[in-house]
Amino acid sequence: MALNLVLIGPPGSGKGTQAVRLGAKYGIPHISTGDILRASVRDRTPLGQQVAATLASGALVSDELITDLVRERLARPDVSAGVVLDGFLRTLVQARALDEMLAAMPSSRTGPPSLPPSLIVLLVDVADEAIVGRLSRRRVCASCGITQSVSEDSDPQTDPCPYCGGALVRREDDEPGTVRRRLATYASLAEPITTLYRARPRFASVDGLRHPDEVTAALCGHIDQFRGLAASGPGR
Ligand code: AMP
C-alpha cells in the first residue's frame, strides 16, 4: 500500500528539511507546495505572476488554486508508492480535498472507497519565539538550493555557501515582519486541522526543537509503527 505522509507545523519548524529526508529514506517523492510556487514565481510562469504578490505578503494562496496544483501533481505516475506532502495542507478545505484525492487513488485505499484513505499526518511542533529567531538565520543558496542556517555573526554579503560556494540569500518571506504574519496565519488555521487528525489513528506530534537527526528518528519511529498498523488491518 502507498505510504502517504503529510507534514504539518508552523513555518520554520524544520518540516521542509524533514520532508526531504523522509522522501529519500522511504523512496517517495517530496512535494513542497511552497517550492512549486516559488519556482513558478522565479520562472515568471502565468501561475507565478498570479501568486507573486501573495507569497511576498506571507498570506495564503486560494484553496482552489492550491488543491488544483496538488491534484495535478498527484496524477503523475511517480506517486504510486506514496508521497511526502510539505506545506499542503493548511486549511480544513484542503484537508477534505486531500481525503477525496487519495480516495480516488487505488494505491492509497485501505479498503472500499467508502473508507477514508491511508494517511500518516505528522506535526513538527515548535513555539513561535523560537521560530522568529530561526527564520531570521535561514538562508537558501542561490546556486545549489540547499536551505541552511547561518550563525548570528555571519556576513551574508561575503560568507559563501559552505556546500558549493554560491551566494546565500534570505527568502523574501523570511523577513521578520512577514514571518510574524505567516505565524499569525498559521495559528488561526492550525487548530481545527490538528483536531481533525488527532482523532485519527495515524497522527503523531514531535518536538521540532530537538536536533534535526533526533527529529528524523522520532518521525521514522512513528511512521514505522503506523505502517505496522496498516499491515495488520484497514483503518483511516
Ligand atoms: P511554505 O514554503 O510552505 O512556507 O510556503 C510559502 C508560501 O506559499 C506560503 O506563505 C503561501 O503563500 C504559499 N503556500 C504554500 N502552500 C500553501 C497552501 N497549502 N495553501 C495556501 N498557500 C500556500
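Quick look at the values:
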quantity	calculated
Every pair of residues 6+ apart whose Cβ atoms lie under 6 Å, when the first sits in the range 72-97 and is at negative phi while the second is among the acidic types (Asp, Glu) and near the ligand (Cβ under 10 Å from one of its atoms)	Thr91/Asp63; Val93/Asp63; Gln94/Asp63
Residue satisfying all of: in the range 146-155; of a type outside the set (Gly, Ala, Ser) and surrounded by 13 or more Cβ atoms within 10 Å (Cβ to Cβ); farthest from Ala53 (Cα to Cα) among these	Val150
Strands (runs of 3 or more DSSP E) lying entirely in the range 1-94 (those with 2 or more residues that are under 25 Å from Pro176 (Cα atoms) and open to solvent by less than 20 Å² (accessible area, probe 1.4 Å))	3-8
Odd one out for Thr45, checked against (1) closer than 24 Å to Lys25 by Cβ; (2) away from the ligand (no atom under 13 Å from the Cβ)	(1)
Set Pro192, Pro160, Pro201: member being in contact with a Leu (Cβ under 8 Å, 6 or more places away or on another chain) and without any contact (Cβ under 8 Å) to a residue 12 or more places away in the chain	Pro160
The lone exception for Val79 - which of (1) more than 18 Å from the chain's Cα centre (by Cα); (2) modelled with pLDDT under 95; (3) away from the ligand (no atom under 13 Å from the Cβ) it fails	(1)
Test: residue in the range 133-155 that is basic (Lys, Arg), farther than 30 Å from Arg96 by Cα and not in a strand (DSSP E or B)	yes
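Here's the yes/no breakdown for (1) within 16 Å of the ligand (Cβ to nearest atom); (2) over 22 Å from Leu37 (Cβ atoms); (3) at pLDDT 90 or above; (4) in contact with a strand residue (DSSP E or B) (Cβ under 7 Å, 6 or more places away or on another chain):
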{"position": "Leu119", "(1), (2), (3), (4)": "yes, yes, yes, yes"}
{"position": "Val124", "(1), (2), (3), (4)": "yes, no, yes, yes"}
{"position": "Val150", "(1), (2), (3), (4)": "no, yes, no, yes"}
{"position": "Asp159", "(1), (2), (3), (4)": "no, yes, no, yes"}
{"position": "Glu172", "(1), (2), (3), (4)": "yes, no, no, no"}
{"position": "Gly177", "(1), (2), (3), (4)": "yes, no, no, no"}
{"position": "Arg198", "(1), (2), (3), (4)": "no, yes, yes, no"}
{"position": "Ala217", "(1), (2), (3), (4)": "no, yes, yes, no"}
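The values are calculated or read from the model by the stated rules, or taken from the named source; none is laboratory data. Note that the structure is a prediction, hence the values are computed from the model and not measured. All Cβ positions, glycine included, derive from the backbone under ideal geometry; neighbour counts span all protein chains shown. With ligands, DNA and RNA removed, areas are computed over all heavy atoms of the protein, side chains included. Shrake-Rupley method; radii C 1.70, N 1.55, O 1.52, S 1.80 Å.
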